[in-house]
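Beneath this line is the structure, given in C-alpha cells, with notes to follow.
Any read-out appearing in this document is the output of simple, stated calculations on the displayed coordinates, not a laboratory observation. None of these values were measured; they are calculated from a predicted model. For neighbour counting, all protein chains shown are included, and Cβ atoms are generated from backbone atoms with ideal geometry for every residue, glycine included.
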Amino acid sequence: MSAAFQLYPPGGTGLVLRYFTPSAALRAYVQCYWQAQRQAQGGSEPAGIELMHPDGAAGLLFNFGDALERDGERLHGACWVDGPKRRTARLTVGSQLELLGVRFLPGMALPFLGESLAVLAGGGLTPGEALRRLELEALHERLLETPDPAGRIALLEGYLLQRLRRYAAPQVPALTASLDWLERHQGQTSVATLVAELPFGQRHLERLFQRHVGLSPKRYARLLRVARSRELIKQGGARASLTDTAFAAGYFDQAHFIHDFKAVTGLTPGGYRDHVRRRYG
C-alpha cells in the first residue's frame with residue numbers, strides 16, 4: 001500500500017497529513033487510513049487549530065503523541081471510536097502531535113464496530129476502553145511497537161479484515177443506493193424525492209440511516225450541502241460570492257444558507273472565507 005497523496009498544508013500549524021489507500025478487500029468499507037504529525041518547527045507551544053469537518057462517516061483514532069486536545073477538551077487515553085460528527089471539530093496541533101486513523105465510508109462502519117451508529121453519533125470520541133469487545137487498546141499496543149507507517153497500516157488492515165470475516169453482515173443495497181443518490185445530488189434534492197424512488201417508505205429509510213450512518217437522511221444531506229459550500233468557497237477564494245455559493249449549493253435564501261453553515265462549522269460563510277484566506281492564502 002502506498003500513500004494516496006501527502007499534504008503539507010500552509011498556514012503555520014505545521015501539520016503534515018498522509019493518506020493511504022485500503023486494499024481491494026476493504027475498499028467497499030474504508031475511505032482511507034491517515035497519519036497526522038506536526039512538522040518540527042521548534043518551540044513547545046500549540047501551533048494552532050485544525051478544523052475537522054464532518055462527512056457523515058465514522059472512524060478509529062490512535063494517539064502516539066502528547067495528550068489529545070479537541071474542542072478545547074484534553075482527552076485521556078490512547079485510542080477512540082470517532083462516531084459520525086454533526087459539527088466541525090477543532091483539533092489543537094501540539095508540538096508532539098502524532099495520530100493514526102481509519103476513516104470508514106459513510107454507512108459502512110457497522111460490521112467493524114458492531115454497534116448501532118446512532119449510539120456513537122454526535123458526541124465526542126468514545127474511548128476504546130468503553131468498547132472492550134473491539135480490543136482497540138491491544139491493537140494500540142501493537143501499533144506502538146511498530147513505528148514505521150507501512151507496518152502500522154498492515155496491522156490495521158489485518159485487524160479490519162479479521163473483524164470483517166468474523167462479524168460482517170450482508171450489505172444493504174437500499175442503503176448503499178440511497179447514500180450514493182444523496183452524494184450524487186450533493187444533498188440538494190429533498191429526501192421525499194429520494195423516498196419516491198425507493199420500494200419502501202421514509203420511516204424504514206430513517207431506521208436504516210440511524211443504524212448504519214448514525215444520522216437522519218436529512219441531516220446527512222445537510223452535511224453534503226455544507227461540504228459543497230466549503231469547496232466552492234475554497235475554489236473562489238477571497239473573491240467568492242457568497243450569494244452565488246448559496247445558490248450553487250442548493251440554497252434559495254441566504255438565511256437558510258447561513259443557518260446551516262454555522263450550525264455545522266461554527267462559522268458563518270463569511271467567517272469561513274476569512275479562515276480560508278488566512279489558512280491557504
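Here the range 172-281 is treated with +1 on each Lys and Arg Cβ and -1 on each Asp and Glu Cβ, and its dipole about the Cα centre works out to around 420 debye. Each of MET52, ALA36, PRO22 was placed along the dipole of the range 3-167 (beta-carbon charges, centred on the mean Cα), and the one lying farthest toward the positive end is PRO22. Converting phi to 3J(HN,Hα) with the Karplus coefficients 6.51, -1.76 and 1.60 and the offset θ = phi - 60°, the range 75-81 yields 9, 9, x, 10, 8, 8, 9 Hz in sequence order, with x at every glycine or proline. Taking the average, over residues, of other Cβ atoms within 10 Å as the packing measure, peptides 52-62, 258-268 rank 52-62, 258-268 from highest down. In the frame of its principal axes, the range 3-167 has Cα extents of 46, 31, 26 Å, reported largest first. Would you work out which of THR243, HIS185, GLY201 lies farthest towards the positive end of the dipole of the range 172-281, given +1 charges on the beta-carbon of Lys and Arg and -1 on that of Asp and Glu, about the Cα centre? So the residue furthest toward the plus end is THR243.
The helix-based estimate of mean residue ellipticity at 222 nm for the chain, built from -39,500 (n - 2.57) per DSSP H run of four or more residues and divided by its residue count, is -12500 deg cm²/dmol to the nearest 500.
In straight-distance terms, cross-link reach from LYS234 covers every one of the lysines whose alpha-carbon lies under 19 Å from its own, apart from those fewer than eight places away in the same chain; here that gives LYS262. Residues in the range 189-204 carry Karplus couplings, in order, of 9, 5, 4, 4, 5, 4, 4, 4, 9, 9, x, 9, x, 5, 4, 5 Hz; the curve used is 6.51 cos²θ - 1.76 cosθ + 1.60 with θ = phi - 60°, and Gly or Pro positions show x. Backbone amide hydrogens, once placed in the peptide plane, bring LEU105 within less than 5 Å of VAL30, GLN31, excluding anything fewer than 5 places away on its chain.
Sort the following peptides by mean Cβ neighbour count (other Cβ atoms within 10 Å, averaged over residues), highest first: 199-208, 88-97. Could the numbers behind the result be given before it?
Numbers: 199-208: 12.9, 88-97: 17.5.
Peptide ranking by packing, descending: 88-97, 199-208.
Rg/Rh for the chain (Cα atoms only, Rh after Kirkwood) is 0.96. The H on the amide N of ALA57, modeled in the peptide plane, is under 5 Å from the matching H of LYS85, each at least 5 residues off or on a different chain.
Step by step: find N for the range 68-124, compute 2.2 N^0.38 Å, then divide the Cα radius of gyration by it. What's the final number?
Working: Rg = 12.5 Å, N = 57, 2.2 N^0.38 = 10.2 Å.
Against the compact-globule rule of thumb, the ratio is 1.22.
How much net charge surrounds LEU125 when only other residues with a Cβ under 11 Å from its Cβ are counted (Lys, Arg +1; Asp, Glu -1)? Net of charged neighbours comes to -1. One equal scatterer on each Cα of the range 100-204, no solvent, Debye formula: the resulting log10 I(q)/I(0) at q = 0.09, 0.12, 0.17 Å⁻¹ is -0.34, -0.57, -0.95. Quick check: net charge around THR146, other residues with Cβ under 14 Å of its Cβ, Lys/Arg +1 and Asp/Glu -1? Its environment carries a net charge of -3.
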